[in-house]
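The values are calculated or read from the model by the stated rules, or taken from the named source; none is laboratory data. If you're wondering where the values come from, they're calculated on a predicted model, not measured in any experiment. With ideal geometry, Cβ positions are generated from the backbone for all residues, glycine too; neighbour counts draw on all protein chains shown.
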Amino acid sequence: MPVPLSRYGRVFDLLPEMIFILDGDQRIIDHNKAASTESGFSEEEINGMKITDIVVREYRESLARLIRSDALQRRVEIPLLKADGTSFDASVDLKILKTGEDLYHIVIARDITEQKRKELDLLRFSNVIHNTVNPIQITDAKGVMVYVNPAFEKTSGYAKEELIGRNPNILNSGRHPRAFWQKVWNEILAGKVWVGEVENKRKDGLIIHTELVISPIIDSRGKVVGFLGAHRDITEQKALEQQLIRSQRMESIGTLAAGIAHEVGNPLTSISSLVQVILRTTQDEFAKEKLELIKNQINRITRIIRDLVDFSRPSNYIIKATDINEVLRDALNIVQYGKKVKHIDFDVDLLPSLPKLQVVPDQLVQVFINILMNAVDALDGSPGTIVLQTLQKDKQLYVIVRDSGKGIEESELEKVFEPFYSTKEVGKGTGLGLWVSYGIVKNFGGDIVVESVPGKGSIFTVSLPVKGE
Ligand SMILES: Nc1ncnc2c1ncn2[C@@H]1O[C@H](COP(=O)(O)OP(=O)(O)OP(=O)(O)O)[C@@H](O)[C@H]1O
Ligand SMILES: [Mg+2]
């Protein structure tokens, strides 16, 4: 029988793949050198074997069937047997060769053990990257994102489809000067690792603080082919730090204010009683008129002093289990009674059957009257909406008051809680409202936070803890 390989046999011997020629019975009638060196069977042994003899038992039938089938070109991955009984993964191509009347099957097999090992390594590695809680992004050498993991999608608020193919600067918060990023690029383009804290912007506009490590991905020839950015989300940690700084500042301001109130309070009481005495004894109409005015001013100062002291001395109100929705309805009733609310649309969305809170109801009513009145004032008499909403998340209740009023500049956001900070006309606001409210809420273990977009409106969120029985 003519053997098709014989003419070019020497050439086939140069190829690294194992090549077998089979007759119609799938018997090996010729093969190249690699076929014997790779499998460990001697040249003599191979000729006359069936091809399935060098296939791991469980795969024999399926390979035999595939060879019998008519398709001209087929490829499978199966484990092949070596003479010493061990096996290795091979990629096997099956082809048909027709010369005249004769038909041969050609089997070309390639050892893919190494390739499989690399694939597995890669799979392990990509699984780690994919499933870690750390947000990770990979870019190409030009800085275009080619991969983001699910944690990155979650933290940024963008879906990967919106990120892949884009430059990471779509997350730019604008909080770092251009020179900052220039320096980062200089470092990483020079093949160095950059570590630092960055502030990025989520899709919904919120700021995320992360600790970022950017390392260049360098190929075997030393060329930078991309960058790996691994983040650690420290937004919550930052928020806690801010909160701590703020409550410490408020505490020291509080002590100061209480001290002043106390010092001013005593002489004020004497002035007030002196005014009363003169008012009662004098016959001078002019003096009487002016003393009335003084009395009014003294009353006003006394109110302010009372607010200041009230908040800093332990309250003698009684704490009781309180339905927050009732508190809110009370506050709303009082606020809606005013004549400034004519053009305002109140959108009230209170979650029914919330757990009761351990608070002093009257104090909380005072808190919400102030926050709601501020919202009304922020609308300045023009039509708008005030949304009042309650939410529960785990062991916290949230009351959200959102207005479509004039908003607060970012630089002023923290100041609104300070005593005597007011942008209202003299006589319209003392600037104690939020300060007192903050103190009351803090007393019950809660917090007030504010977000605002100037010109668009503000959101005040009061959180209060749900305590056990
Ligand atoms: N919803 C809001 N929209 C815009 N600005 C607000 C809002 N709430 C508070 N502010 C700003 O915060 C400042 C302080 O508020 P706060 O309630 O402490 O004092 P006030 O309302 O000015 O006076 P008071 O409440 O003592 O009568 C306000 O003057 C205003 O500038
Ligand atoms: Mg107020």
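With Gly259, Gly254 as the choices, which residue is more than 29 Å from the chain's Cα centre (by Cα), outside any loop (DSSP other than H, G, I, E, B), outside the structural domain of Pro150 (by TED's automatic domain parsing) and surrounded by 14 or more Cβ atoms within 10 Å (Cβ to Cβ)?
Working: Gly259 fails: surrounded by 14 or more Cβ atoms within 10 Å (Cβ to Cβ).
None of the others qualify; the one that does is Gly254.
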Residues located in the range 373-406, provided they are more than 13 Å from ligand 2 (Cβ to nearest atom), crowded, with 17+ Cβ neighbours inside 10 Å and over 27 Å from Glu251 (Cβ atoms): Leu379, Gly384, Ile386, Val387, Leu388, Gln389, Thr390, Arg402, Ser404, Lys406
If you go through the range 407-427 one residue at a time, how many are within 14 Å of ligand 2 (Cβ to nearest atom) and either of a type in the set (Gly, Ala, Ser) or touching a residue at least 24 places away in the same chain (Cβ under 8 Å) (or both)? 8
When Phe460 is evaluated against the numbered criteria (1) modelled with pLDDT of 95 or more; (2) more than 7 Å from ligand 1 (Cβ to nearest atom), which criterion, by number, is the only one it fails? (2)
Could you tell me whether Gly405 is near ligand 1 (Cβ under 9 Å from one of its atoms) and out of contact with any Gly (no Cβ under 9 Å at 6 or more places or on another chain)? no
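Checking the condition touching a helix residue (DSSP H, G or I) at 6+ places or on another chain (Cβ under 6 Å), over 23 Å from Lys428 (Cα atoms) and among the polar types (S, T, N, Q), which residue from Thr322, Thr390 passes? Talk me through it step by step, then tell me what you get.
Details: Thr390 fails: touching a helix residue (DSSP H, G or I) at 6+ places or on another chain (Cβ under 6 Å).
Within the list Thr322, Thr390, the selection yields Thr322.
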State yes or no: is Tyr438 closer than 29 Å to Pro355 by Cα, within 14 Å of ligand 2 (Cβ to nearest atom) and not hydrophobic (A, V, I, L, M, F, W, C)? yes
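Can you say whether Thr430 is within 13 Å of ligand 2 (Cβ to nearest atom), closer than 14 Å to Asn374 by Cα and of a type outside the set (Phe, Trp, Tyr), as far as the supplied structure shows? Let's see the steps before the verdict.
Numbers: within 13 Å of ligand 2 (Cβ to nearest atom): yes; closer than 14 Å to Asn374 by Cα: yes; of a type outside the set (Phe, Trp, Tyr): yes.
Yes.
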Can you name the residue in the range 422-449 that is surrounded by fewer than 17 Cβ atoms within 10 Å (Cβ to Cβ) and among the aliphatic types (A, V, I, L, M) and, of all such residues, is nearest to ligand 1 (Cβ to nearest atom)? Val426
At least 1 residues that are more than 16 Å from ligand 1 (Cβ to nearest atom) and within 25 Å of Ala257 (Cα to Cα) in each: list the helices (runs of 4 or more DSSP H) lying fully within the range 277-385 that qualify. 285-312, 361-379
